[in-house]
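What follows is a set of notes on a single structure, which appears directly below.
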Amino acid sequence: MYHRFVKSKVRSTFAEISAGNWEPMLKAMAPRFSYRFYGDSALSGERHTIEAVRLWWQRTSRLMPGVAFDVLDIVVSGSPWNTSIATAIAVHARLADGSPYENVFNQFMHMRWGRVTEIRTLENTEVLQRAMDRLAAAGYAEARAAPITDQPAP
């Protein structure tokens, strides 16, 4: 029953994000967390504060307006005090230059008592980098910006 609840929460959170509302995702974060997006693009980096994640979502929305996520698979294991979640997600967007973007990513999450303590996202970085290069060539300088990161809280 608990695993079914977690899967439902993951699906509803991605539906909210697809509707342009990433606040439910931010509210799910534990007071201390790590959110890592692998790669070397403007969307990569590691964040440890809600403000940094919010800035990351704002950048993502500027570069990929109307980004939408289709949850392909969710695997949940563990107990409420030590939950692991693995997902496969298809991402669809119309980039800021109007070109289409299609990719897939896998995400590993860890939760304790309903709060997310860790997110690791691995998107097909080659497809993502080609999209960022295309945006940069079209004049979107933010597509070449340094990743949004922060330092862990002491």
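The values are calculated or read from the model by the stated rules, or taken from the named source; none is laboratory data. Because the structure is predicted, anything quoted here is derived from the model rather than measured. Here the Cβ is made from the backbone with ideal geometry for all residues, glycine too, and neighbour counts use every protein chain on show. All accessible areas refer to the heavy atoms of the entire protein, side chains included, with ligands and DNA or RNA removed. Shrake-Rupley method; radii C 1.70, N 1.55, O 1.52, S 1.80 Å.
Taking Cα centre as origin and charging only the Cβ of basic (Lys, Arg, +1) and acidic (Asp, Glu, -1) residues, the dipole magnitude of the stretch 35-78 rounds to 220 debye. For Asp40, the accessible area of its heavy atoms, probed at 1.4 Å with every protein chain present, is near 150 square angstrom.
For the chain, the longest principal axis of the C-alpha atoms and the axis of helix 50-63 are separated by about 40°. The accessible surface of the stretch 2-154, taken with every protein chain in place and a 1.4 Å probe, is 56 percent carbon and sulfur. Each part reduced to its alpha carbon centroid, the stretch 8-52 and the stretch 101-115 end up 8 Å apart. Residues in the stretch 1-114 average 49 Å² of solvent-accessible surface per residue, probe 1.4 Å, ligands and nucleic acids excluded.
Choose one of Ser79, Ala145, Leu135: the residue whose Cα lies farthest towards the positive end of the charge dipole of the chain (beta-carbon charges +1 Lys, Arg; -1 Asp, Glu; about the Cα centre). It is Ser79. For the stretch 112-129, putting each phi into the Karplus relation 6.51 cos²θ - 1.76 cosθ + 1.60 with θ = phi - 60° gives couplings of 10, 6, x, 10, 6, 9, 8, 9, 10, 10, 10, 9, 4, 5, 5, 5, 5, 5 Hz, in residue order, rounded to whole numbers and with x for Gly and Pro. Out of every Cα-Cα pair in the stretch 42-142, what percent are more than 21 Å apart? Summing the P(r) tail past 21 Å for the stretch 42-142 gives 40 percent. The charge dipole of the stretch 3-154, taken about its Cα centre with unit charges on the Cβ atoms of Lys, Arg (+1), Asp and Glu (-1) only, comes to about 500 debye.
Would you mind checking the tilt of helix 2-18 against the longest principal axis of the Cα atoms of the chain, expressed as 0 to 90 degrees and rounded to 10? Around 20 degrees separate the two axes.
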